[in-house]
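Chemist: First, the structure itself, so that you have it in front of you.
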Amino acid sequence: MPTPTATPAETDVLIVGGGLGGVAAALAVCRAGRRAVLTEETDWIGGQLTAQAVPPDEHPWVEQFGVTATYRALREAIREHYRRWYPLRAEALDLPRLNPGAGRVSKLCHEPRVALAVLEAMLAPHRAAGRLTVLTEHRPVAAESDGDTVRAVTLADVRDGALHTVTAPYVIDATETGELLELAGVEHALGAESRAEYDEPHAPEAADPLNQQGITVCFAVSHHEGEDHTIDRPSGYDFWRTYRPDFWPGPLLGFLAPDPRTLAAVERTFVPNPDVDPLAVNADQSADAGDKELWGFRRILARGLHRPGAFDSDITLVNWPLNDYWLEPLVGAGEETSRQALAGARELSLSVLYWLQTEAPRPDGGTGFPGLRLRPDITGTADGLAKSAYVRESRRIKAVTTVTEHDVAIDLVGPYGGTRHRDSVGVGGYRIDLHPSTGGDNYIDIGSVPFEIPLGALVPRRVRNLLPAGKNIGTTHITNGCYRLHPVEWNVGEVAGALAAHCLAENVQPHEVQAEDKRFGEFVRVLDREGVQRHWPDVRGY
């Protein structure tokens, strides 16, 4: 049980949601000398990097440029944690670009707890100074607004139901689903816009707020040949064992699945603990998505990087085509549907594990890998599943600037194109990557260009003191597919926190900073000093 924390009744900036954007916002507020309250529904800060157990999805230039200085510090501190505390073999210890899991999805695959330890350490000085209060296991349940201003947010302690109301001149929505937008009556979009709204080639003909990307409940496994760690047969296993989506080349519980980029049927391979030197792995999604060999795709600990005998198995993270859940939308269809979606996603992931343990085809001609062991010690949960579902799509503010497919799609702007924003406050890079959706869409995975983050996408059209700090910025259903990744969320959160602190210091409003060149210039000098990269060098999209 976490140590009880007194809940202040007021603060300078209230940050609701303790994911990567929320943590980055809190750091920016506190660096500016302001007080912040940071809340989080689970008992782990870090969101998709920790509670959702998703190794970072990043662009291929991440080691050289294209992220903020604080995000780079986070990455390097994760590596240093392994160098200091893990029994790395000499060749791995000397690697400046150590990839602890040697996974193919990222140049920095690692365990959730390591990221949690680093994030806690980054916040620790501000907590000790009394500038930052962190309220884990608290969720927003109500918001009070006065015209165009959000005055207060009421939080419920998920352990005992106690209610606490916090007032603040600035409120930041860093929740995974944009909950504050709904609670505070902030105009927002949800699901898919119609093609007519922004003339996006990949948008559907008709708008559908309930057409949202699938969610995934991730889990971690190791493999121990000769042992039997088979879980109890999930109650929904018979359904999932026979379920075959209309747009899938075979049963969902199988290794045959679409290639996200071409939609061609591709057989995945699965060989636990392959006898391959992890130092030979080169993670580069611009050259190879890395998702065809499932064990190594999201591996988060590679035993071969360590001294012999230190670990008897790798650990890999299961976030695969097999366990994306899209039967019901998570957001906007009511609490009962949301609960059903979460329960269904959990049942699907357990069914995937049971299928792997009992029926999956083996390279030797047999079936099942009973030696697969669920790792609750890695996810910090009793059942071994991640604390939270991986949520790819949120409510999105109706923003001063909406980023559309015309700003970033490589087929529309060319490999070196893309919109250059007068008010750029950061950069990002990733393919437009939409997973199968609750509206029945298959993957939409198309090339994009390295992009800028316009401040106008962080500014609501009407509300004056609420800022988004995650996937709830002014994108569309389509462009959310490339703006939703770890470094972009961090960048957005850092800018939101810095903007709130700047507005308090200068007695201005976010709309004024975004609209007026002089005020914007004053603000970006703050970002430049903190190492927020706002423009790309000459690099090609993929």
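Chemist: When the helix-only estimate is applied to the chain (DSSP H runs of n ≥ 4, each -39,500 (n - 2.57), divided by the residue count), what is the mean residue ellipticity at 222 nm, nearest 500 deg cm²/dmol?
Modeler: Working: 16 runs with 150 residues, N = 542.
Helix contribution divided over all residues of the chain: -8000 deg cm²/dmol.
Chemist: Next question, about the same structure. Kindly write out, for region 467-483 in residue order, the coupling ³J(HN,Hα) from the Karplus curve 6.51 cos²θ - 1.76 cosθ + 1.60 (θ = phi - 60°), rounded to whole Hz, with x marking Gly and Pro.
Modeler: 10, x, 9, x, 7, 9, 6, x, 10, 9, 3, 6, 6, 3, x, 10, 9
Chemist: When ranked by the protection proxy of mean other Cβ atoms within 10 Å per residue, highest first, what sequence do the peptides 236-246, 509-519, 64-74, 100-110 form?
Modeler: On the way: 236-246: 14.5, 509-519: 17.0, 64-74: 19.8, 100-110: 24.7.
Highest to lowest by the protection proxy: 100-110, 64-74, 509-519, 236-246.
Chemist: If you don't mind, another one. Between region 133-183 and region 249-290, how far is it from one alpha carbon centroid to the other, in angstrom?
Modeler: 41
Chemist: What is the Cα centroid distance between region 61-77 and region 204-220, reported in whole angstrom?
Modeler: If you average the Cα positions of each part, the centres end up 29 Å apart.
Chemist: Could I ask something else about it? Return the sequence-ordered ³J(HN,Hα) values of region 135-152 in whole Hz as given by the Karplus equation 6.51 cos²θ - 1.76 cosθ + 1.60 applied to θ = phi - 60°, using x for Gly and Pro.
Modeler: Rounded to whole hertz, the list is 10, 7, 6, 10, 10, x, 10, 7, 9, 10, 10, 10, x, 9, 10, 8, 8, 7.
Chemist: Right, another one. So, in the chain, how many Lys pairs have Cα atoms under 28 Å apart, if the pair is 8 or more places apart or on different chains? Working shown, then result.
Modeler: Values: Lys107/Lys292; Lys107/Lys387; Lys107/Lys471; Lys292/Lys387; Lys292/Lys471; Lys387/Lys471; Lys398/Lys471; Lys398/Lys518.
So the count of such lysine pairs works out to 8.
Chemist: Could you grab the relative contact order for the chain? Cα pairs under 8 Å, six or more apart, rounded to a whole percent. Mind dumping the intermediate values first?
Modeler: On the way: 1307 pairs, mean separation 116.9, N = 542.
Computed over the chain, the figure is 22 percent.
Chemist: Relative contact order (percent) for region 423-522, with alpha-carbon contacts under 8 angstrom and 6 or more residues of separation?
Modeler: 28
Chemist: Given a 1.4 Å probe, how much area per residue of region 99-193 is accessible, in Å²?
Modeler: It amounts to 35 Å² per residue over region 99-193.
Chemist: Can you tell me, using C-alpha contacts under 8 Å and at least 6 residues apart, the relative contact order of region 1-115 as a whole percent?
Modeler: 23
Chemist: While we're here: Please list the non-local residues whose amide H lies under 5 Å from the amide H of Ser448, H modeled 1.01 Å from N, same-chain partners needing a gap of 5 or more.
Modeler: Here Ile410, Ile432, Tyr542 satisfy the definition.
Chemist: What angle, in degrees between 0 and 90 and rounded to the nearest 10, separates the Cα long axis of helix 20-31 from the longest principal axis of the Cα atoms of the chain?
Modeler: So the inclination is approximately 40 degrees.
Chemist: With unit charges on the beta carbons (Lys and Arg positive, Asp and Glu negative) and the dipole taken about the Cα centre of region 122-270, which residue among Leu190, His202, Tyr170 sits farthest to the positive side?
Modeler: Result: Tyr170.
Chemist: Any idea what the dipole of the chain comes to, in debye rounded to 20, about its Cα centre with Lys/Arg Cβ at +1 and Asp/Glu Cβ at -1?
Modeler: Numbers: 53 positive and 75 negative charges, 263 e Å.
For this selection, approximately 1260 debye.
Chemist: I would also like to ask the following. Please list, ordered by chain and number, the residues whose modelled amide H lies under 5 Å from the amide H of Ser145; skip anything fewer than 5 residues away on the same chain.
Modeler: For Ser145, whose amide H was placed from the backbone, the distant partners under 5 Å are Arg151.
Chemist: Taking a quarter of the surface of the convex hull around the Cα atoms of the chain, what do you get in nm²?
Modeler: 23.5
Chemist: According to the square roots a ≥ b ≥ c of the eigenvalues of the Cα gyration tensor, what is the shape class of region 82-207, taking rounded for a/c under 1.5, prolate for a/b larger than b/c otherwise, and oblate for the remainder? Don't skip to the end; give the middle numbers.
Modeler: Details: a/c = 3.00, a/b = 1.33, b/c = 2.25.
In terms of gyration-tensor shape, oblate.
Chemist: Tell me which residues come under 5 Å, amide H to amide H, from Ile172 once H is placed; ignore anything under 5 positions away on its chain.
Modeler: Residues meeting the criterion, in which the H sits 1.01 Å from N, are Leu14, Ile15, Val16, Leu467.
Chemist: How big is the C-alpha Rg of region 389-542 next to the rule-of-thumb value 2.2 N^0.38 Å, as a ratio?
Modeler: Relative to the 2.2 N^0.38 Å estimate, region 389-542 comes out at 1.03.
Chemist: Could I ask something else about it? Percent of accessible area on region 152-205 owned by carbon and sulfur, 1.4 Å probe?
Modeler: Heavy-atom surface of region 152-205 belonging to carbon and sulfur, 1.4 Å probe: 52 percent.
Chemist: With a ≥ b ≥ c the root eigenvalues of the C-alpha gyration tensor of region 389-473, is it rounded (a/c under 1.5), prolate (a/b larger than b/c) or oblate?
Modeler: Taking the square roots of the gyration eigenvalues as a ≥ b ≥ c, region 389-473 is oblate.
Chemist: To the nearest 10 degrees, how steeply does helix 69-85 sit against the main Cα axis of the chain, on a 0 to 90 scale?
Modeler: 40
Chemist: Same structure, new question: What are the ³J(HN,Hα) couplings of region 253-270, residue after residue, when phi is run through the Karplus curve with 6.51, -1.76, 1.60 and θ = phi - 60°? Round to Hz, x for glycine and proline.
Modeler: 7, x, 8, 8, 8, x, 6, x, 7, 10, 6, 6, 5, 10, 7, 7, 10, 9
Chemist: Now for a different question. Please compute the Cα-Cα pair-distance distribution of region 23-131 with 5 Å bins starting at 0, giving whole percents from short to long.
Modeler: Once binned at 5 Å, the Cα pair distances of region 23-131 give 2, 11, 20, 22, 20, 13, 8, 3, 1.
Chemist: Another question, if that's okay. In Å², and per residue, what accessible area does region 1-91 have when probed at 1.4 Å with the other protein chains present?
Modeler: Working: 2970 Å² over 91 residues.
Per-residue value: 33 Å².
Chemist: Give me the percent of accessible area attributable to carbon and sulfur for region 402-542, probe 1.4 angstrom.
Modeler: Numbers: 1840 of 4170 Å².
About 44 percent, which is the carbon plus sulfur part of the accessible surface.
Chemist: With a 1.4 Å probe and every protein chain left in place, work out the accessible area per residue of region 455-542 in Å², rounded to a whole number.
Modeler: 31
Chemist: Also: Could you tell me what percent of the accessible area of region 289-337 is made up of carbon and sulfur, with a 1.4 Å probe and every protein chain present?
Modeler: Its accessible area is 50 percent carbon and sulfur atoms.
The values are calculated or read from the model by the stated rules, or taken from the named source; none is laboratory data. All values reported here derive from a predicted model rather than from experimental measurement. Neighbour counts run over all protein chains shown; Cβ positions are idealised from the backbone, glycine included. Heads up: the accessible areas ignore ligands, DNA and RNA and are worked out on the full protein's heavy atoms, side chains in. Shrake-Rupley method; radii C 1.70, N 1.55, O 1.52, S 1.80 Å.
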